[in-house]
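Trainee: The structure follows.
Just so it is clear, none of the values below were taken in a lab; they were calculated from the coordinates. Since the model is a prediction, treat every value here as computed from it, not as a measurement. Positions of Cβ are backbone-derived with ideal geometry, glycine not excepted, and every protein chain shown enters the neighbour counts.
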Amino acid sequence: MLPGTNLSRAIARSGVDWICVDCEHGNIDDGEMHEAVVAIAATGVSPVVRIAANEAWMVKRALDAGAHGIVVPLIYTVDDAKRLVSSAKFPPQGHRGFGSPFSPQTFTNEPLTHYLQNANSSLLTIVQIETKSALDSVREIAAIPGVDCLLIGPFDLGNNIGRPILGEMHAELKSAIDRIKDAAHAEGKKVGIYCTSGEQAREFADKGFDMVSIAADMIVIPAYFSQTLAVASGKGEKQKGSGYDRR
């Protein structure tokens, strides 16, 4: 969520498989996204960019920067998902324009022609399922060729089905999450979920989720300083978690 190549590299060196460069809720503009993608990829970690909306030019900018995948929020309909896939794929599968010299440098600096021949089958298109209408059509969305992964945003999904997370997840929200996982796997696709702690990520990994997050930099940095300051000043025991647990 925070800009800076040093921060991107530091997180990448932690041993993670992928890092989401968040251009939806994060403080990252287009130029900073370009820099973060390259810094992350240089460490051997996959940069995945979450764009702000399902707009073709946003898809193009992220992929042209060299992102290994895109995460797209607030998908509402099957047609929305089809339009996204079309934006992310070169012809004949889609209408993405070709020519960015930046894309190959986040892989192995292969020629542009190699990138053109392999991008459609290699880059990940990750659809966030976080609206009621997308939930109602989740099996159809998962079945679309070119949709690789369904990613659950628990907070927005809870809000959109009338079960906001105000503490523990409501049973209806838990059921919706399971329904999305089952739909993705039934169509041979991957499923991910946004988690905010190692414990929660382990819980969902054990349930069969293929992609889990563990932390957001803007959340854990102030949380860690608050916890360690409390211990150092003698004002309290070190607290567990970040205060941002979505379970």
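Trainee: Just to be sure I understand the model, the point goes 7 Å from the Cα along the line to the Cβ. What's the resulting residue 122 to residue 178 distance in nm?
Mentor: Output for this residue pair reads 4.0 nm.
Trainee: To continue, here is another question. For the range 5-217, what relative contact order do you get, as a whole percent, if you take Cα pairs closer than 8 Å and at least 6 residues apart?
Mentor: Numbers: 391 pairs, mean separation 28.3, N = 213.
So the answer I get is 13 percent.
Trainee: With each pseudo-label sitting 7 Å past Cα toward Cβ, what's the residue 17-residue 218 distance in nm, one decimal?
Mentor: My value for the distance between the label points is 2.6 nm.
Trainee: List the residues, sorted by chain then number, that are 5 or more residues from residue 21 or on another chain and whose placed amide H is less than 5 Å from its amide H.
Mentor: Amide H to amide H, under 5 Å and 5 or more residues apart or across chains, residue 21 pairs with 48, 49, 50.
Trainee: The range 190-240 to the range 1-67: how many Å between their Cα centroids?
Mentor: Using only Cα atoms to place each centre, the spacing works out to 20 Å.
Trainee: Within 13 Å, Cβ to Cβ, of residue 87, how many net charges do the neighbouring residues add up to if Lys/Arg are +1 and Asp/Glu are -1? Spell out each step's value before the answer.
Mentor: Values: positive: 60, 61, 82, 83, 89, 96; negative: 55, 64, 79, 80.
Summing Lys/Arg as +1 and Asp/Glu as -1 gives +2.
Trainee: Moving on. Could you count how many Lys pairs in the range 5-217 have their Cα atoms under 22 Å apart, skipping same-chain pairs fewer than 8 positions apart?
Mentor: The result is 20.
Trainee: Over the range 153-229, what is the mean sequence separation of C-alpha contacts under 8 Å (at least six apart), divided by residue count, expressed as relative contact order in percent? Present the calculation step by step, with values, prior to reporting the outcome.
Mentor: Values: 67 pairs, mean separation 15.8, N = 77.
20 percent.
Trainee: Another one. With each pseudo-label sitting 7 Å past Cα toward Cβ, what's the residue 102-residue 203 distance in nm, one decimal?
Mentor: Distance between label points: 3.8 nm.
Trainee: A further question on this structure: Would you list the membrane-span-like helices of the chain, meaning whole DSSP H runs whose alpha-carbon atoms span at least 20 Å along their axis and whose mean Kyte-Doolittle value is at least 1.0? Don't skip to the end; give the middle numbers.
Mentor: Working: long enough: 171-186 (22 Å, -0.31); 217-232 (22 Å, 1.24).
Span-like helices here: 217-232.
Trainee: Output the peptides 149-158, 173-182, 56-65, 4-13 sorted from most to least packed, where packing is the average of other Cβ atoms within 10 Å over each peptide's residues. Mind dumping the intermediate values first?
Mentor: Numbers: 149-158: 22.4, 173-182: 18.4, 56-65: 20.3, 4-13: 15.8.
Ranked by mean Cβ neighbours within 10 Å, highest first: 149-158, 56-65, 173-182, 4-13.
Trainee: With an 8 Å Cα cut-off and a minimum separation of 6 or more residues, compute the relative contact order for the range 91-163 in percent.
Mentor: Working: 57 pairs, mean separation 20.3, N = 73.
After rounding, I find 28 percent.
Trainee: Non-local amide H neighbours of residue 75 (under 5 Å, H modeled in plane, Pro and chain starts lacking H): which ones?
Mentor: 128, 130
Trainee: Follow-up question, since we're still on this one. With no solvent and one point per C-alpha, what does the Debye sum give as log10 I(q)/I(0) for the chain at q = 0.08, 0.10, 0.17 Å⁻¹?
Mentor: -0.32, -0.49, -1.33
Trainee: Could you please report the charge total around residue 119, scoring K, R as +1 and D, E as -1 over all other residues with beta-carbon less than 9 angstrom from its beta-carbon? Walk me through the numbers before you get to the answer.
Mentor: Numbers: positive: 89, 96; negative: none.
Computed value for this residue: +2.
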